[in-house]
Structures are given as structure tokens and as C-alpha cells.
Amino acid sequence: MSASVTRCPGCGSSNIVDDDLYCQAQRVCVDCGSVVSEGVLTDDWTGDTEISYSRTTAVARKPCLNLIKGLQRVKAICRILRVNNEIENHSQAYYTQAYQHEAFIRVSLQKKEVLAGCCVLVSCRLLNWPVTMGTISCLLDADPVVVGAVYQEMIKILNIKAPVFIINDVMEAHSQEYKISSLHVPEELAENSRDLTKRAVALVELAADTWIVTGRHPTPIMMASIYLSWQSLKPNKHRLKLTLDKFCQMAKVNKLKPAMKRIAEMKEVLCKLGREIPWVREAVTPDNVMQQVEDILNYRFALLRRALRTHEETLQAESEASGEDSLPEEAASSQVAEHGEQNSNAPTAEEYELNAESAQRPRDGNDDPHTEPEGNTGGGESQAPAPNWGKRVLFAPPCVVHPKRRRVERPECKDVTGDEDISDSEIDSYIRTPREAREFAQTQKMLSESEKT
Amino acid sequence: MDQNNSSASPFQGLSSPQGAMTPGMPIFSPMMPYGSGLTPQPVVANSLSILEEQQRQQQQQQAQQANAGLPGTSSGLTPQLYHSQTVAGSTTTALPGNTPLYNTPLTPMTPVTPSTPASESSGIVPQLQNIVSTVNLGCKLDLKTIALRARNAEYNPKRFAAVIMRIREPRTTALIFSSGKMVCTGAKSEEQSRLAARKYARVVQKLGFPAKFLDFKIQNMVGSCDVKFPIRLEGLVLTHQQFSSYEPELFPGLIYRMIKPRIVLLIFVSGKVVLTGAKVRGEIYEAFENIYPILKGFRKTT
């Protein structure tokens, strides 16, 4: 321990330094490394000073391997979806941020993969690139419910205000999946993708106006509109006979069951509008409406107005006939405001066209778009036992027109104070007699024994 | 023993003697704070007069319910507050037929109806569909014994660590834990929830456990109503983005998180609205009165 030793016994050099590593003072020869002398090991903790073990022996801290893999997965998903660089960068930034948040740092790798997909999804939405959650779930091969849950948690944590999904935007991307160009199918069944998409978008807009889209899963609606659009572009017998099943097989997409119902709903709407076409003499039914679809879509705003007006008149006539008070002008049903306002010029132009093509109908001119979309508010409520307002308007959400049958509510025990007497007999009815309890115990024992054997 | 469900009561620990779980004398202390939804009543010394008083109060209550009613309630179900406990009665000796000066169960203490004039009120009253409440029975329980000796109980420890018990009237379900805590669900009003919880506690008592009825508290209330016109959810989520979340691929309704009162509303395209997260009835009514003009006005402008 004396400081006067200046020569290393091992190599004889005089290059000896004091080394305070690891809480033990040592004198070490620089040339050969042998310890010349050492002090007593201290037994008090000096704290994490600059001589701590982890710091002296640490190598450069590597970034988390799973984070790197996750970022690569994000990149891969972006490349598959063929999004632009901005979206890719955004997704990677979000992923890094979310990954390191405490809510996601310790979840399973599977969930982290789902998180990668959700980051791509939210970036696409923010930068106006239409992608559905279904697509992401498909890419990740994950349960859509799990994807939804992770997505909602992620936007809450990262505090992102993502715009809502708009079906029209996704329509085009969706229609690309259908392989029905002339390269894939025989000529008479083939359809140009541009025409197909254009008509399908118009059909979707019409569906949205007439309450078919709100609250529903978007993909079956898109499938239904593409199918109907394909049928109506060449409404010959061959195409009309082809079912949705066969169509999906032909186009090499997976059929979705709800699409059948959507097709029926959309056909009903088309029929309601088809009836208003002035030059169509025969009755419009779901079977022959496809021939009229082109006209319906071209003049759809005007036809909507007409249909609503006709409906109004019918209801007024009905209520007058049954001797009730005539309805005030305001309460008359008109859903015109909902579609009319964004295309205020077109309908009038369309109306003139319609009128020019056929005999004039008595009702014409500008109806101020009335605002209430519901039917008569007065009306038959006092008469009908359970007034279904959906049946009284022309267009209503299908869940209102065909409501699910609910379990009949029992007449409730009203006027309960919470502090009434509780009768003993009632409580006793909930308790087993001793004999019952014994028998129950015996049965349980027998069952458990038989299970063991 | 039977106290109100306001947690401010200093009498929660007071339990009636064994076997006397009938609603006995509601003893109120003058210390009870005003504005908690209770009327301080005089401490009645004489047991006979207590019974008389109770009878009179019940009569009064029935009379009041027949007469008075909050404006705008269409269904006849008066939106009562926390309890319809016999709160009536003035501080002087209650004479039969005397309309009390204040604090009847029908006078709102908290703003049940909003301060907007009656002409603007929606005229629709949300109906309560479910009440979740908790109570502490105050003693450890042997779930195996309960499951063995009660007819209406199921117990599967591998699946869930509580006994699931059901009673017929009011139609409710209770989860009874071995710590003595109990959750009661399925009632349609606060009073029913309380009555049901008391019945469960009685069953447990009859099975031989020294059950009490401590800290009864309503944890959640769910209400629903129908505005009878369709709602454009896509538009609503655009204008109220900071409160709404609408993902048709995940759920058909729009989830609206109102800040004041702190209620979550599920709004559907059919016009049906579900309100949940309330601790008191007034919050549900208030939330609906807040959302109704939004839904109505929104329906006009689109």
C-alpha cells in the first residue's frame, strides 16, 4: 500500500497508476496490467458514479430489435398497399411513438404487428388515401375486432383526430379488385373498369342518400353496387341471370353475405325512383328495373324530388280521406334538403330535361327544400298501436322499416320505494330445503366421481 | 339500517338487530346536510308515532304522485331523484294531507330538467333500462355453502370467482364475492335496485351469515330513448369530431362522449339513443336534453 513502490514486480516498468475501479483502490502497472498493490474493499455503496460497471463495460445501446422489425413490417405493408412516401414516413413515425408508449411496449408481438397495420391505416386516413379496416385486417391476417380495438386505443394515446371513413373514396380502390376487364373474362361479360366504377360510385351515393349506407359495413355495399353497376351497363338476359355468387366467382373475389341484402335494398330504392320516370309506362319491378338504372342515375336528384312529392301528396290525400286535420306544410315529408342542397343547380336542369322528354306533369317548379325528413308527425299515432314512423316516409333506414322483434317488456313494478317489507316466504322460496341440499350435494359428488373415473 | 344511497350519510354502519331487516324507523339526524337530497327530519322519540308517521308519509307520497308531476314527462313515470324514501314532511309535526313546503321527492334538488323553457324541451324522457349498484355485506362468505343451499345460485370457481344469484322480483342478477361485496344488476330504477340488493342480502342472511347492508351505491345507470327521426351519423361526426367516434366497420352506432355531464351516448341511424355512465338519474336527462338540439338542428341543416 505504500506509494513508494515504483517498479512493477512483473515487468519492471515504472508506469504505475492508481485505479479506483470497482470500489477498490488499486495500483496497476500500465504495461503489463498486473496489480501492484490494492486497498481494502470498501463496504459502503458509493452510488452510481462514473466508475459503475454497466457504464464502463457498456457498448453502444442498440435500438430494440422488435421495434426495428416492426418498422420494417410497416414499410412492407405500405409497399403492398402502394402508398406514397409521405404516408410511409408518417406511419413509421407513429409506430415508433406508439411502440414506446407504456400501453404498447409490453403487449404481445402479434398485437405489435396489428399496431403496425393501424399506424398505416391512420396515416392513410390523415393523408386522404382510402383504405378500409377490412383490408388491413386481411393483410395482417388478424381478427377485425382486435384491429379495431388496437386502432381506437392507438388514436386515443397518440391523440390523433383522424377523418372519418368515406365510402366514395374507397370505391375506386375496391373496384380494382374485380377482375372483369376483357382480359379476364369473355367479351360479353367484360366491363371497362372506369365505367364500372363511375356507375358504382353513383349507386353508392344514391344508397347513401336513401339511408342504406349509414351504420352499415361498407364493403358489402360496395360489392352490391359493383354488381348492380355491372348488370345495368349491359342489362341483357345473360347478365341479369348471373347471381351474385357466380359474379364473385368470375371476378375472383370473396362473396360477402350481407351483399345480398344490400342488393335487394338498393333495387327497392331504384324501383321507387324508377316509378317516377315520366316516359316509363309499364310497372317497375325489381326484375325489370335494371334497364332503367342508367336513366335513374342520370336524373336521380329530380326523381328523388318527384318521388318525395308524390309520397307527400299520397299521404295528404290519405289523411284527408280519413277525415283528420290536414297537415301543415312544414310537417310534410321531404328529404330534399339532404341531397338537394349540394346540387342546387343540377336538379332544376334535370327537371327541365325530364319535362322536355315527356308530357308535362302538373306539379312543377321550385319547391323550397323543406327540412324535416320524417313523415307526418300528427297523423296516425293515436290510432296505430306502435306507430312505426319508418313505414310512413318514403326512405328510411331499413332497421326502422323492418325492426327486430323485441322481447315484450314486462309490466314493471312501479312505485317501488326500496324500503318495503320483504316477506319471509319470498326469501324462503330462494333457499333449498335441507333435503334438497343433501340430494344436490350427493348428486354433485356422484357426478364428480364419475368424471374422475 | 336502511339508509339512502347517498354516500354522505353518516349512518351507513348502523345495522338493525339480527332478523329485523324490515324497514324500520328511518332515523335522520339534523346533521344531515341540506341539498344532499334528503330532508332533515326530526328525530322521533316515540315508536308508536313513528309507525303513524310512516303511514301518513306513505299516503302523502301516493297523493303527491297522483297530483304533481314534472312538466314534459310523457310516460307518467315521474323522474324521481335518488330515492323515493319518505322524505315528505315538514319540520313541524306532519299533519295528514299537509303538502310539505319543500323537498318532496318530486321537487328536483339538482336540475333534472334543464333551465331552457318548456317549449324548447324535447318532450321525450329517456327510460332507464339498467342500474348497476354495489353493496357491502360486511362479512366474509363461504361461496360453496351459498351455492349449495340457495336455489337460485350458480357457482363455477374455475370460470368466475363469485356466486351468480338471481331473483324474480325485481328481475335482477347479483354477483356475490367471498369478501362479502356484492354487485346487483338489471334493475330498472334506483329503488328497485335497492330493494333487490336488500333481498339478496336477506337470502345470504337466511343462509346463516351475519350479513349487513353497508355502503349501498349506484355505480352506473343506463337509459335509452327514441327521437323518431333518422340521423346522419357521417355528418354528426364531422361537426362534432372532438366528441364523436364513428367507425361503421366496427360498430353501427356513433359513440358520443359528452363532457358535461360525463355521459357516453350511443347514437344510431334509426334515431335511437342509448345513454350510459350516469351515477344519478338527472345526468341522463341532462345529457339527453343537451344532445337533442344537436340532433334536431343537425337534421335541419343537412
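Once the cut-off is 26 Å, how many percent of the Cα-Cα pairs in the stretch B:125-237 end up in the long-distance tail?
Roughly 27 percent, rounded to a whole number.
Ratio of Rg to Rh for the stretch A:221-316, alpha carbon only, Kirkwood?
Radius of gyration relative to Kirkwood radius: 1.02.
By a straight-distance test (C-alpha under 25 Å), which lysines pair with A:K252 as possible cross-link partners, with residues fewer than eight away in the same chain excluded?
Here the lysines satisfying the reach criterion relative to A:K252 are A:K179, A:K198, A:K234, A:K237, A:K241, A:K261, A:K267.
Return the loop-located GluC sites (Glu not before Pro) in the stretch A:72-176 (DSSP other than H, G, I, E, B) with at most 13 other Cβ atoms within 10 Å of their own Cβ; answer none if there are none.
Here the GluC sites (Glu not before Pro) that fit, given the DSSP loop and packing criteria, are A:E102.
Give a residue-ordered list of calculated ³J(HN,Hα) values for the stretch A:155-165 (Karplus: 6.51 cos²θ - 1.76 cosθ + 1.60, θ = phi - 60°; whole Hz; x for Gly, Pro).
5, 5, 5, 7, 6, 9, 9, 7, x, 6, 5
If packing is taken as the average number of other Cβ atoms within 10 Å across a peptide's residues, how do A:189-197, A:258-266 rank, most packed first?
A:258-266, A:189-197
Send over the semi-axes of the stretch B:169-290's equivalent ellipsoid, whole angstrom and largest first, taken as the square roots of 5 times the C-alpha gyration tensor eigenvalues.
After diagonalising the Cα gyration tensor, the semi-axes are 37, 13, 13 Å.
Can you give me the long-range amide H partners of A:D19? Hydrogens built in the peptide plane at 1.01 Å from N, cutoff under 5 Å, separation of 5 or more residues or another chain.
Excluding prolines and chain starts, which carry no amide H, the hits are A:Q26, A:R27, A:V28.
If you count, for every residue in A:424-435, the Cβ atoms of partner chains within 10 Å of its Cβ, what is the mean?
Mean number of neighbouring Cβ atoms from other chains: 5.
List B:M182, A:M222, A:M446 from most exposed to least, where exposure is judged by having the fewest other Cβ atoms within 10 Å.
A:M446, B:M182, A:M222
Which entries of A:K246/A:K391; A:K69/A:K246; A:K111/A:K257; A:K156/B:K260; A:K391/B:K260; A:K161/A:K272 have Cα-Cα distances beyond 30 Å here?
Long pairs (Cα-Cα over 30 Å): A:K246/A:K391; A:K69/A:K246; A:K391/B:K260; A:K161/A:K272.
Listing A:V284, A:V17, A:V122, A:V204 from the residue with the fewest other Cβ atoms within 10 Å to the one with the most, what is the order?
Ranked by crowding around the Cβ, least crowded first: A:V17, A:V284, A:V122, A:V204.
Just counting partner chain Cβ atoms within 10 Å, what average do the residues of peptide B:229-239 show around their Cβ?
5
Taking the Cα atoms of the stretch A:205-270, report the difference between the largest and smallest coordinate on each principal axis, in whole Å and largest first.
Computed over the stretch A:205-270, the largest-to-smallest principal extents equal 32, 24, 15 Å.
How big is Rg to Rh over the stretch B:253-302, alpha-carbon atoms, Rh as the Kirkwood inverse-mean-distance radius?
Taking Rh as the inverse mean 1/r over Cα pairs, Rg/Rh reads 0.97.
Of A:Y99, A:Y94, how do they rank once you tally other Cβ atoms within 10 Å and put the fewest first?
Least crowded to most crowded, the residues run A:Y99, A:Y94.
Of all alpha-carbon pairs in the stretch A:126-238, indicate the percentage at a distance above 21 angstrom.
Taking all Cα-Cα pairs of the stretch A:126-238, the fraction more than 21 Å apart is 46 percent.
Values quoted throughout were computed directly from the atomic coordinates according to the rules given, and no laboratory measurement underlies them. Since the model is a prediction, treat every value here as computed from it, not as a measurement. As a convention, Cβ positions derive from the backbone with ideal geometry for all residues, glycine included, and neighbour counts pool all protein chains shown.
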